[in-house]
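A short reminder: the numbers here are calculations on the coordinates, not readings from a lab. What you see is a predicted model, and the numbers here were worked out from it, not measured in a lab. Counting neighbours? That spans all protein chains shown, and the Cβs are built from the backbone with ideal geometry, glycine included.
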Amino acid sequence: MDTTRELLRHNADRSIEWFSALAMLVLATILVMPGDTMAGPSFREFDHYGLNEARLAAALGIVGAVRVVALWINGRWPRGPMLRIGGSVIGAMIWGQIAWLITLGALLNNGTISTDTGIYTLLAIGEILSIYKAAFDARYERG
Amino acid sequence: MLGITVADSVLVGTLILAVLAAVQGKKDGAAAAKATPPAVSGAAELVEALEEVTEVLRGIRRALVEISERRR
């Protein structure tokens, strides 16, 4: 338990939140660009869950934008950390699902694990660290 | 089984980890808030120091006035 706590304390940082929120916005921007970005074999499993380009781009764009605003106004609005927790929870769910669906799609269609699996898994882990940091800030700032 | 897919399990697992991280963060935040000494205001300390200096200067002035009166 102490090891987990130390790990969380030393690795949790707001820069992870910034990075993750911006990654969401970048991904949303790429998805809304012309052409079917999700046409590749790695993305085939997304269809089974009704996750097409437009829906994924909308979810990532809205959540990413809200998180950037929450981080930008950080400290000037008492409910900021709560918004950050919410954004990170949704982020962890999104990245976790993308990581798994890409893994499944790549395994079933290519017979290999995609390099994206590692990246999206790390993003999901980063969100867990951000949840810890935001919850810490929310409680600490209350005194 | 029961229509639960691996994707559902990943989602639930992520949520459990999220709740655990939030609870741990809240606990550590509360402990850190208690451990932190009360914030010292720089302005308040400066005012206090100025008041002390003023008091000392008043004492010196009183002493000088007394000495000059005795000489008369």
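Of all trypsin sites (Lys or Arg not before Pro) in segment A:69-143, which ones are in loop regions per DSSP and have a Cβ with at most 15 other Cβ atoms within 10 Å?
On the way: sites: A:Arg76, A:Arg79, A:Arg84, A:Lys133, A:Arg139, A:Arg142; in loops: A:Arg76, A:Arg79.
Here the trypsin sites (Lys or Arg not before Pro) that fit, given the DSSP loop and packing criteria, are A:Arg76, A:Arg79.
Based on the alpha carbons, how large is the Rg to Rh ratio for chain A when Rh follows Kirkwood?
Working: Rg = 16.4 Å, Rh = 16.0 Å.
Radius of gyration relative to Kirkwood radius: 1.03.
Give, as a single signed number, the net charge of other residues whose beta carbon lies under 11 Å from the beta carbon of A:Leu31, with Lys and Arg counted +1 and Asp and Glu -1.
Details: positive: A:Arg55; negative: A:Asp36, A:Glu53.
Result for the local shell: -1.
Between B:Val6 and A:Asp36, what is the FRET efficiency for a Förster distance of 41 Å, r being their Cβ-Cβ separation, to the nearest 0.05? Each step should come with its number before you reach the end.
Details: r = 26 Å, r/R0 = 0.62.
In this case the efficiency is close to 0.95.
I want the local charge near A:Gln97. Using Cβ-Cβ distances under 14 Å, sum +1 for each Lys or Arg and -1 for each Asp or Glu among the other residues.
Combined, the nearby Lys, Arg, Asp and Glu give -4.
How much mean residue ellipticity at 222 nm does the protein assembly as shown get from its helices, if each DSSP H run of length 4 or more adds -39500 (n - 2.57) and you divide by all residues, to the nearest 500 deg cm²/dmol? List each step's numbers first, then the result.
On the way: 7 runs with 167 residues, N = 215.
It lands at -27500 deg cm²/dmol.
Charges only on Cβ, +1 for Lys and Arg, -1 for Asp and Glu: so what's the dipole of segment A:28-112 about the Cα centre, in debye to the nearest 20? Display every interim value, and only then the final one.
Numbers: 6 positive and 4 negative charges, 106 e Å.
Dipole size: approximately 520 debye.
Once you charge only the Cβ atoms, +1 for Lys and Arg and -1 for Asp and Glu, what is the size of the charge dipole of chain A about its Cα centre, to the nearest 20 debye?
Values: 12 positive and 12 negative charges, 122 e Å.
Roughly 580 debye, rounded to the nearest 20.
Averaged across the residues of B:10-16, what count of C-beta atoms belonging to other chains lies within 10 Å of each residue's C-beta? Mind showing how you got there, number by number?
Values: counts 8, 5, 1, 2, 13, 4, 0.
Per-residue shielding by partner chains comes out at 5.
Anything in chain A that counts as a DSSP H helix reaching 18 Å or more along its axis (C-alpha) with Kyte-Doolittle mean of at least 1.6? List them, would you? Don't skip to the end; give the middle numbers.
Working: long enough: A:14-32 (27 Å, 1.66); A:53-72 (28 Å, 1.47); A:80-109 (42 Å, 1.20); A:115-142 (41 Å, 0.17).
Helices passing the filter in chain A: A:14-32.
For segment A:64-101 and segment B:12-28, write down the distance between their C-alpha centroids in whole Å.
14 Å
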